[in-house]
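**Student:** Before I ask anything, let me first share the structure, which is written out below as structure tokens.
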Amino acid sequence: MESRLQRKLREHREKAALKIIEDRLGDVRTGGSLQPGAEPEWVAAAIRRSRCIHTDPTDRLPDDTSPEELDAWLDGLLTRTSMSGRLYVRSHLGTLPWLEFEVPGQGWTARLREAIEDPWMFLSGTLDSLVIVSEAEYWYEAYVSCGGP
């Protein structure tokens, strides 16, 4: 059980981490977010599936690729899966797990990679599709899931 003091310290650290994320991402971040537990139920199952060794990735890229190639691959992956406009990105922060972004067409993933550590999780603004990209042994692996009402 987390004490009141531990909770306050964690919240303070997370506010500092959020400030770093916002500084690095600038105008791409809208200021909105999904509160903890507000994502659809199917999202947690999709995240668990992406971590299962028996789940094949939708796409892969060698992990020794250049940062520019990684960014181009991420941009293309998000475009192919219709992740554009308003979407949510998993922040790894307990207080604000999903940060809202207004995504420009291309070229923002380098800033994202500097601001948020992998795995990178992208939830569509309509909350009906999820793209997860993580670094595995020798590869960046992408998993695409769809849910909805």
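**Student:** Which of the numbered conditions does SER50 fail, given that it passes all the others? Conditions: (1) small (Gly, Ala, Ser); (2) free of Cβ contacts under 8 Å to residues at least 60 places away in the same chain; (3) within 17 Å of VAL133 (Cβ to Cβ).
**Tutor:** SER50 satisfies all of (1) small (Gly, Ala, Ser); (2) free of Cβ contacts under 8 Å to residues at least 60 places away in the same chain; (3) within 17 Å of VAL133 (Cβ to Cβ) except (2).
**Student:** What is the one condition in (1) at pLDDT below 95; (2) open to solvent by less than 50 Å² (accessible area, probe 1.4 Å); (3) closer than 25 Å to GLU22 by Cβ; (4) among the hydroxyl-bearing types (Ser, Thr, Tyr) that TYR88 does not satisfy?
**Tutor:** Of everything listed in (1) at pLDDT below 95; (2) open to solvent by less than 50 Å² (accessible area, probe 1.4 Å); (3) closer than 25 Å to GLU22 by Cβ; (4) among the hydroxyl-bearing types (Ser, Thr, Tyr), TYR88 misses just condition (1).
**Student:** While we're looking at this one, here's another question. Would you point out which residue out of ARG13, ARG24 is in contact with an Asp or Glu (Cβ under 7 Å, 6 or more places away or on another chain) and assigned to a helix (DSSP H, G or I)? Show your work before the answer.
**Tutor:** Details: ARG13 fails: in contact with an Asp or Glu (Cβ under 7 Å, 6 or more places away or on another chain).
Sole residue among the options that is in contact with an Asp or Glu (Cβ under 7 Å, 6 or more places away or on another chain) and assigned to a helix (DSSP H, G or I): ARG24.
**Student:** Now for a different question. Run down THR95, THR65 and say which single residue is within 24 Å of ALA142 (Cβ to Cβ) and surrounded by 13 or more Cβ atoms within 10 Å (Cβ to Cβ).
**Tutor:** Details: THR95 fails: within 24 Å of ALA142 (Cβ to Cβ).
None of the other options fit; the residue is THR65.
**Student:** Could I ask something else about it? When residues of segment 27-40 are filtered for being of a type outside the set (Val, Ile, Thr) and either in a helix (DSSP H, G or I) or open to solvent by 40 Å² or more (accessible area, probe 1.4 Å) (or both), how many remain? Spell out the reasoning first.
**Tutor:** To start, the set of residues in segment 27-40 that are of a type outside the set (Val, Ile, Thr) comprises 27, 29, 31-40.
Still in the list and also either in a helix (DSSP H, G or I) or open to solvent by 40 Å² or more (accessible area, probe 1.4 Å) (or both): 27, 31, 35-39.
Counting residues in segment 27-40 that are of a type outside the set (Val, Ile, Thr) and either in a helix (DSSP H, G or I) or open to solvent by 40 Å² or more (accessible area, probe 1.4 Å) (or both) gives 7.
**Student:** Got a number for residues in segment 98-120 being within 18 Å of ASP63 (Cβ to Cβ), open to solvent by less than 30 Å² (accessible area, probe 1.4 Å) and touching a residue at least 60 places away in the same chain (Cβ under 8 Å)?
**Tutor:** 2
The values are calculated or read from the model by the stated rules, or taken from the named source; none is laboratory data. Treat the numbers as computed from the prediction; the structure is a model and nothing was measured. Cβ atoms come from the backbone with ideal geometry, glycine included; neighbour counts cover every protein chain shown. Side chains are part of the model used for accessible areas, which takes the heavy atoms of the whole protein and leaves out ligands, DNA and RNA. Shrake-Rupley method; radii C 1.70, N 1.55, O 1.52, S 1.80 Å.
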